[in-house]
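See below for the structure under consideration.
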Amino acid sequence: MLKAYRLMMSARAMAETYEANRPICKYVHSTSRGHEAIQLATAMLLHPDDWVSPYYRDESLMLGMGWRPYELMLQLLAKADDPFTGGRAYYNHPNSRREAFPKIIHQSSATGMQAIPTTGVAQGIKYQETQGLKDYKLPPVVICSLGDGSVTEGEVSEAFQFACLHQLPVIYLVQDNDWGISVSSDEARTMNAFEYAAGFKGLERVQVDGSDFEDAYKTMEYTIDWVRKERKPILVHAKVPLLGHHTSGVRKEWYRTEEDLAKHMAKDPALKLRKKLLSKGITEAQLDAIEAEEKINIEQQFAEAVAAPEPDPASVTDFVFAPTPVTEERGVRTPAGKEKVMMVDAALHAIEEILHTHPNALFYGQDVGRRLGGVFREAATLADKFGDERVFNTAIQEAYIIGSTIGMSALGLKPIVEVQFADYIYPAINQLVTEISKSCYLSCGKYPVSCVLRVPIGAYGGGGPYHSGSVESTIATIKGIKIAYPSNVADMKGLMKAALLDGNPVVMLEHKGLYWSKVPGTEEARMPEPDADYVLPFGIGNVVCEADTEAVENGESICVITYGMGVYWAKNAARKFPGRVEVVDLRTIYPCDETLVFNTVKKHGKCLVLTEEQLRNSFCEALAGRIAQNCFASLDAPVQTMGALDLPAVPMNMGLEAAMLPNVDKVAEKIEWLLNY
């Protein structure tokens, strides 16, 4: 209790110091004033193998785990030695793999979004335990800290649902101070988190006075021990006061009444703990001395933090991606004597080989389990071969499917997941943008997310407007994500293997119309399947149709830059102009092989950028702009683009014949126009 009191005095002195020095505190910040008791009680009970996700008001949780105020201040002041993000993120947005400390995955500013990645950690721990991948001396627990206001987020319910269904060792610690910025609890929700949790079968729940350290300690001690033993989820609803501002940028006097402030101040955890210590024989003088010592201590540490070096601006691009071990093509791409297979089989076999080779790999998503094996049969037989714990169905929870890979990856697992149609990736965009893409960058490389996200994409025979979409431009705008878009068997398998080994988040866009080569004119997508050792690095395009040297030298050739189904529209159209059209298959959207693209454009002087996607603000329009900028002196005609609205079959999503022939004719018209320009 004396230790907790000293840390409460540290937290109070930190808040006062920050308030007195607002002009030099670079980031908007929150403090833990009012929440100290429940946070310290929780922190003191954790062990090094445990995992915790603090949110932005949890500085006392950090202090209780052993972090120095100076280290927290380095982040507040955006200093180079900030141990969490190197000065890249707001105050108390931690992440850590420090030895002898509980581990912390990347924490974002998006309230409630931590619930899915943190539940993914618990999912990963259970997977390790059931598969015998790791033997923990003390079964770890996972703490997900949330504000009561954030529990209304839909993604929190996805996390609760999965934790209950799979009985995961996670504690949802909900700190309820009755405020969500200026929104009071009575105008934001019909029930608190404790009442809400009653609707989730299999989620235990408990309430505690989070402002009373002794009560909080006993409750959390019981709760943590229970989860260590039972390996089941529980929600702790801790009622706490809010003594400070929401943040330094949203002042309490702007929206809170004197009556409300007085009510909260009466529940100050430090005052409550002081009274208990006095009742146990500790003197006023001893407690006053502790308070004075911490004021001096915090002032000294703040002065040291202010004097610490600033980040080098040149480091701003560091850690966007983790270094990849896949830097060159290797293995047998076209083995002799093998029959041609379909792309869907190449993908299936790649996953099967991965699961055989990597015991830490697993595959989950909607309908990929034993009964169906994927709506496109892209996972057929995998659950039969590897069991329902390694290949399994999920609910319709795109956000959870994708966001959980953060926690799984943090434990060294290799999750492969699937969104059933590209059109339904949008519910998961928040996790892709807010959490996954920034994890490596904002953890300074401590937590790159190694995951493979399979996404069936593209128009194919009657799918309509909600099952035929192209989303590559949407994904391409997210910095920190790699994107593959194979157009044939060899590329599918080689890129899938590279994606697994890459160590970064990879989206595999797999065209439904190429899976079985049923669309006339796509027969060349079938190929002999590469050997199991074949790996194709990202960022290396391929010339799939060459122009004759004579046509190039006479200025009678053009090039088409494309990918996916566009490769077959271009190749079929090129047959109408023998020897005069060169087709480049990008193979990966990001990284994009711009060296090959620019060199090819300079070689021919005329270029068509072709996509199945609509053009407005698209990846292809951006690429066309970069071509125009970098190849201007070599161009003999304006760079041309073609997309969905230029191609008759794509927007109408017609039958298989129409998916090829009218589009080939339109592409041929554009090629002829360029050749005659």
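Which ³J(HN,Hα) values in Hz, rounded to whole numbers, follow from the phi angles of the range 334-347 under the Karplus curve 6.51 cos²θ - 1.76 cosθ + 1.60, where θ = phi - 60° and Gly and Pro get x?
Once θ is set to phi - 60°, the couplings for the range 334-347 become 10, x, 6, x, 9, 6, 6, 10, 8, 4, 4, 6, 4, 5 Hz.
Rounded to whole Å, give me the distance from the Cα center of the range 301-358 to that of the range 130-157.
Taking the Cα centre of each part, the range 301-358 and the range 130-157 sit 26 Å apart.
Full extension from E187 to E553: what is 0.36 nm times the residue separation minus their Cα-Cα distance, to one decimal in nm?
Here the segment from E187 to E553 would lengthen by 124.4 nm.
Of the chymotrypsin sites (Phe, Trp or Tyr not before Pro) in the range 489-548, which ones lie in a loop per DSSP and count no more than 14 other C-beta atoms within 10 Å?
Within the range 489-548, no chymotrypsin sites (Phe, Trp or Tyr not before Pro) qualify (loop, at most 14 other Cβ atoms within 10 Å).
Per-residue ellipticity at 222 nm for the chain, helices alone: DSSP H runs ≥ 4 residues times -39500 (n - 2.57), over residue total, nearest 500 deg cm²/dmol?
-11500 deg cm²/dmol, from helical runs alone.
For a Förster distance of 56 Å, can you work out the FRET efficiency between the beta-carbons of A80 and Y466, rounded to the nearest 0.05?
0.70
Assign unit charges at the C-beta atoms only (+1 for Lys and Arg, -1 for Asp and Glu), then state the dipole size of the chain relative to its Cα centre in Debye, rounded to the nearest 20.
For the chain, the charge dipole is close to 820 debye.
At 1.4 Å probe size, with the rest of the protein present, what percent of the exposed accessible area of the chain is carbon and sulfur atoms?
Exposed carbon and sulfur together represent 52 percent of the surface.
For the range 160-221, what class follows from the C-alpha gyration tensor (a ≥ b ≥ c being the square roots of its eigenvalues): rounded when a/c is under 1.5, otherwise prolate if a/b is larger than b/c, else oblate?
Oblate is the answer for the range 160-221, as a/c is 1.5 or above yet b/c matches or exceeds a/b.
Among rounded, prolate and oblate, which fits the range 202-331 when a ≥ b ≥ c are the square roots of the eigenvalues of its C-alpha gyration tensor, a/c under 1.5 means rounded, and a/b larger than b/c means prolate?
Note, shape of the range 202-331 comes out oblate.
Which value, in Å² and to the nearest 10, is the accessible area of Y217 when all protein chains are kept and the probe is 1.4 Å?
70 Å²
Whose amide H sits under 5 Å from the amide H of R330, counting only residues 5 or more places off or on another chain, with H placed in the peptide plane?
Those qualifying (amide H under 5 Å, at least 5 residues apart or on another chain) are V535.
What chymotrypsin sites (Phe, Trp or Tyr not before Pro) does the range 432-486 have in DSSP loop regions with at most 12 other beta carbons within 10 Å?
Answer by residue number: Y466.
Using a ≥ b ≥ c from the Cα gyration tensor of the range 527-677 (square roots of the eigenvalues), is it rounded, prolate or oblate, where a/c under 1.5 gives rounded and otherwise the larger of a/b and b/c decides, a/b for prolate?
Rounded, since a/c falls under 1.5.
Leaving ligands, DNA and RNA out of it, work out the accessible area of V306 with a 1.4 Å probe and give it in Å² to the nearest 10.
The value for V306 is about 60 Å².
Answer with a single label: of [x] 80, 62, 57; [y] 97, 55, 45; [z] 87, 78, 65, which was calculated as Cα extents along the principal axes in Å from the structure in view?
Step by step, Cα extents along the principal axes in Å for this structure corresponds to label [y].
If you count only protein heavy atoms and use a 1.4 Å probe, how large is the accessible surface of H47, to the nearest 10 Å²?
My reading of the accessible area for H47 is about 80 Å².
Please report the net charge: other residues with Cβ closer than 9 Å to the Cβ of A80, K and R +1, D and E -1.
-3
If DNA, RNA and ligands are ignored and the probe is 1.4 Å, what is the ranking of V567, V206 by accessible area, most exposed first?
Result, largest first: V206, V567.
Where both residues lie in the range 522-649, what percent of DSSP beta bridges are antiparallel, nearest 5?
20 percent
With a 1.4 Å probe and all protein chains kept in place, how do H245, H93 rank by accessible area, largest first?
H245, H93
So between T357 and K263, what do we pick up on full extension, going 0.36 nm a residue minus the alpha carbon distance?
Length gained, T357 through K263: 27.8 nm.
Where does each of F421, F632 land when they are ordered by accessible area, with a 1.4 Å probe and the largest first?
So the residues, ranked largest to smallest area, are F632, F421.
Whole-Hz Karplus ³J(HN,Hα) for the range 32-40, in order, using 6.51 cos²θ - 1.76 cosθ + 1.60 and θ = phi - 60°, x for Gly and Pro?
Here the 3J(HN,Hα) series is 8, 4, x, 9, 4, 5, 5, 5, 5 Hz.
Considering only DSSP beta bridges with both partners in the chain, what is the antiparallel share in %, to the nearest 5?
For the chain, the DSSP antiparallel bridge percentage is about 20.
On average, how much accessible surface per residue is there in the chain, in Å², for a 1.4 Å probe, leaving out ligands, DNA and RNA?
Accessible area per residue: 38 Å².
If amide H atoms are built 1.01 Å from N in the plane of the peptide, which residues on other chains or at least 5 residues away come under 5 Å of the amide H of A379?
G374
In nm, give the distance between the simple-model label positions of S109 and L2, each being 7 Å from the Cα along the Cα-to-Cβ direction.
Placing both labels 7 Å along Cα→Cβ, they lie 4.2 nm apart.
The values are calculated or read from the model by the stated rules, or taken from the named source; none is laboratory data. Predicted model, so just to flag it, every value in this text is computed and none were measured. Glycine also receives a Cβ, built like all others from the backbone with ideal geometry; neighbour counts cover every protein chain displayed. Quick note on the areas: whole protein, heavy atoms, side chains included, nothing else; ligands and nucleic acids left out. Shrake-Rupley method; radii C 1.70, N 1.55, O 1.52, S 1.80 Å.
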